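These notes are about the structure you will find just below.
Read-outs: derived from the displayed coordinates by stated rules, not from any lab. In this text, all values refer to a predicted model and were calculated from it rather than measured experimentally. Every residue, glycine as well, gets a Cβ built from its backbone with ideal geometry; the counts of neighbours run over all protein chains shown.
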Amino acid sequence: MVKKGADSAAERLVRGSLKNFTPYQPILPPEEGETVAGRIVKLDGNENVYGCSPRVREALQSFGSYHVYPDPEQKALRRALQEYTGLDASHIVAGAGSDELIDLSLRLVLEPGDRVIDCIPTFGMYSFSTQVCGGEIVQVRRTAEHDVDVEAVLNAEDDRTKVIFIASPNNPTGTLTSRDDVLKLLDTGALVIVDEAYYEFCGVTVADLVPQRDNLVVLRTFSKWAGLAAMRIGYGLFPREIAERLMTIKPPYLNSAAEIAALESLKDVDYLMGTVRALVEERERLFVMLSNILYLDPVPSEANFILCGVIQRDASMIQQELRGKGVFIRHFDTPLLRNSLRISVGKPEDTDAVVWELRTWEEMSNEA
Ligand code: PMP
């Protein structure tokens with residue numbers, strides 16, 4: 001029993017390791033008044049600007065069982081994902097976005113003080129969830145070309161390492177990790193979690209290795225290719241025994257609306273992949289246009305966004321200025337990603353709008 005004293009309940013009861021916890025920095029939705037220019041060009045969340053399949057809206061309108069708890073075993077969705085992924089349903093677990101599956105995977109394996117390797121710069125939820133779960137994050141820098149530094153990861157790995165996270169393509173760099181590199185990491189025996197949130201934009205996967213390896217997890221999501229970011233639905237491909245154990249610790253239900261939306265998306269893959277193809281084509285056009293802007297140094301990407309180093313300009317100032325004009329992009333200024341911008345790929349008119357605004361900074365100095 002924690003003794004009552006002058007301290008507040010929060011002060012007495014919250015875990016010590018979480019008292020000064022730095023929260024995850026999510027993107028903020030546009031606020032009222034930010035549409036000054038009468039438009040929103042939202043290129044900061046790596047969402048699918050074409051939206052979800054029209055079948056999703058129709059199915060949700062006609063669904064009559066919102067008052068009934070859904071199937072705790074997710075049978076219909078796991079079956080549909082079996083067809084989509086080619087892996088048996090016994091390897092598949094769906095959750096509230098990949099975010100929940102990151103958290104659940106860590107809860108399943110981490111004891112306090114266990115280590116998790118994070119190949120930075122990368123997606124922030126790996127270190128966030130590790131810390132919430134009481135694990136210790138070990139950061140290994142990527143190479144100058146933004147590749148996973150496999151040698152450095154192998155050197156950092158020790159008998160307290162339980163998990164190695166690899167986002168492929170990586171957010172925010174857009175770079176892939178090769179199958180050979182994943183195989184080398186699997187040999188450590190740690191749980192290797194390959195996050196393929198942007199798989200559909202590149203078609204490169206290690207999912208086929210999951211049934212052969214007892215320590216490989218592949219995470220996927222409907223947030224990007226299927227335009228369902230607000231629904232919160234993703235899935236993981238797990239070694240069978242880990243999938244079974246994960247199901248025993250997972251809170252029982254998916255949100256029915258999200259489950260229906262995912263099922264309808266899987267019935268409309270051709271339509272959705274048409275939007276993905278349009279975005280991939282647009283990514284290449286955006287890359288060329290960004291390369292032609294003198295102060296930007298864009299990184300070739302296999303995902304639906306492009307990271308740009310900013311030279312002799314203030315990236316934060318540019319991001320703020322564009323926001324005021326209704327154009328939303330992401331800004332990074334961390335020790336490994338100084339003065340950088342990440343621009344999600346949109347429709348051709350979105351590319352034109354963001355490039356137009358960025359060009360105005362060619363003539364301006366930081367002080368302008
Ligand atoms: N993994 C990566 C690499 C991501 O970039 C994101 C979203 N920004 C996620 C996972 C989270 O996806 P979800 O919406 O399915 O939680």
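The figures follow:
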{"quantity": "Sorted by Cβ density within 10 Å, fewest first, the residues VAL192, VAL14", "calculated": "VAL14, VAL192"}
{"quantity": "Rg(Cα)/(2.2 N^0.38 Å) for region 171-217, N = residue count", "calculated": "1.14"}
{"quantity": "Reference-scaled alpha-carbon Rg (2.2 N^0.38 Å with N residues) for region 306-368", "calculated": "1.06"}
{"quantity": "Residue-by-residue Karplus 3J(HN,Hα) for region 138-152, coefficients 6.51, -1.76, 1.60, Hz, glycine and proline x", "calculated": "10, 8, 10, 5, 6, 6, 4, 8, 6, 7, 5, 8, 4, 4, 5"}
{"quantity": "Ascending count of other beta-carbon atoms within 10 Å, so fewest first, for CYS119, CYS202, CYS52", "calculated": "CYS202, CYS52, CYS119"}
{"quantity": "Spatial separation of Cα centroids for region 145-217 and region 59-123, in angstrom", "calculated": "18 Å"}
{"quantity": "Proximal lysines relative to LYS325, as straight alpha-carbon distance under 20 Å, when same-chain residues fewer than 8 apart are discounted", "calculated": "LYS42, LYS347"}
{"quantity": "Nonlocal amide H pairs with VAL138, under 5 Å, H built at 1.01 Å", "calculated": "VAL116, ILE117, ASP118"}
{"quantity": "Zone residues, region 324-368, relative to GLU281, backbone N less than 13 Å from point 7 Å out along Cα-to-Cβ", "calculated": "347-349"}
{"quantity": "Per-pair calculated FRET efficiency, R0 = 41 Å: ASP270 and THR360 via Cβ, rounded to 0.05", "calculated": "0.55"}
{"quantity": "Alpha-carbon Debye profile of region 253-319, log10 I(q)/I(0) at 0.25, 0.28 Å⁻¹", "calculated": "-1.04, -1.17"}
{"quantity": "Sorted largest first, extent of region 19-143 alpha carbons per principal axis (Å)", "calculated": "50, 49, 33"}
{"quantity": "Proximal lysines relative to LYS184, as straight alpha-carbon distance under 28 Å, when same-chain residues fewer than 8 apart are discounted", "calculated": "LYS162"}
{"quantity": "Reciprocal of mean inverse Cα separation for region 99-223 (Kirkwood radius, Å)", "calculated": "14.3 Å"}
{"quantity": "Ascending count of other beta-carbon atoms within 10 Å, so fewest first, for LEU237, LEU183, LEU263", "calculated": "LEU183, LEU263, LEU237"}
{"quantity": "Value of relative contact order over region 90-155, rounded to a whole percent, pairs C-alpha under 8 Å and six or more apart", "calculated": "30 percent"}
{"quantity": "Debye-sum result for the chain in log10 I(q)/I(0), which assumes one identical scatterer on each alpha carbon, at q = 0.06 Å⁻¹", "calculated": "-0.24"}
